[in-house]
Ligand code: TMP
């Protein structure tokens, strides 16, 4: 597969075209940002680790019948993915209260939720990805009603699969963010799934194995990411 032009550079990844118009290469960087890029830094080896963790999770989801953009891992920092048009939504699922939900509703971190919470955010960095409802999505044509229904069905299926997958590794899946893309009239899971986009707490100790270590300067960031990789690889 030939790597051609850079077509997109985000905070954590770069996309390149290939000689196949339906496929692009997704390159994982070590750069890390938080709080809508107000905090900037980098995490040693993060790109390599997240490429590998994302590969494992996409493979697990595909084996359970969930369609994703993942085609194959190419090398340490790159995976081959289907070229999608990204739905401008960040879809968040929360199984336990943390992060912005605690700030929004004044909840102690770790508060139990009676059921998972699904949130939609409008993917627009200059607005700080504001939370919106399905009415905003419909009124502003961010996605069709049919696409929203499809995304909701997929998100809960993905949550069930990921909760079970991580629980078997002695990790509780607290929350995570997903992005979806349009590919040949179909909605498929896109972007990445990694400790950058999930909150992962070790069961028993409550130790944070995710980007909150960077956001809050908790130290041992690379070690935490490596630990997640070690567990998903076994
Ligand atoms: P939040 O509590 O900050 O809203 O984050 C919820 C989840 O979404 C958490 O697992 C981190 C992830 N997330 C991203 O992947 N990208 C983002 O830009 C934000 C704000 C959160």
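FYI, it's all coordinate maths here, none of it is from the lab. These numbers were taken from a predicted model, which means no experiment stands behind them. Ideal geometry is used to build each Cβ from the backbone, glycine not excepted, and the neighbour counts take in all protein chains shown.
Per Stokes-Einstein, at 37 °C and 0.692 mPa s, what whole-number D in µm² s⁻¹ belongs to the chain, with the Kirkwood radius over Cα pairs as the hydrodynamic radius?
Working: Rh = 18.2 Å.
Answer, rounded: 180 µm²/s.
Enumerate the whole-percent occupancy of each 10 Å bin, from 0 to the last occupied one, for all C-alpha pair distances of region 1-101.
14, 38, 39, 9, 1
Calculate the FRET efficiency for residue 67 and residue 132 from the Cβ-Cβ distance with a Förster distance of 22 Å, rounded to the nearest 0.05. Don't skip to the answer; put the middle values down first.
On the way: r = 25 Å, r/R0 = 1.12.
The formula returns an efficiency of 0.35 here.
How long are the semi-axes of the equivalent ellipsoid of region 87-196, taking √(5λ) for every eigenvalue λ of the Cα gyration tensor, in whole Å from largest down? Walk me through the intermediate numbers first.
On the way: eigenvalues 111, 66, 30 Å².
Each semi-axis is √(5λ); the values are 24, 18, 12 Å.
Dimensions of region 165-206 along principal axes (Cα, Å, largest first)?
44, 18, 11
What value in Å³ per residue do you get for the convex hull of the alpha-carbon atoms in region 77-119? Numbers along the way, then the final one.
Numbers: hull volume 5.7 nm³, N = 43.
Measuring per residue, one finds 132 Å³ for the Cα hull of region 77-119.
Rank 182, 138, 215 by mean-square fluctuation in a GNM of the chain with C-alpha springs under 10 angstrom and give only the top-ranked residue.
Looking only at 182, 138, 215, the biggest GNM fluctuation is shown by 138.
Just from the alpha-carbon atoms, what are the Rg and Dmax of region 142-191 in angstroms?
12.7, 38
On full extension of the chain, what length is gained from residue 102 through residue 205, given 0.36 nm per residue of separation minus the C-alpha to C-alpha distance? Provide the component values of the computation, followed by the final result.
Details: separation 103, 0.36 × 103 = 37.08 nm, distance 2.07 nm.
Residue separation times 0.36 nm, minus the Cα-Cα distance, leaves 35.0 nm.
Would you mind putting 156-164, 113-121 in packing order, based on average other-beta-carbon counts within 10 Å, highest first?
Answer by packing, highest mean first, reads 156-164, 113-121.
Over the chain, with a Gaussian network built from C-alpha contacts below 10 Å, which listed residue (125, 31, 22) shows the highest mean-square fluctuation?
125
For the chain, with a Gaussian network of springs between Cα atoms less than 10 Å apart, report the residue from 186, 59, 78 with the top mean-square fluctuation.
186
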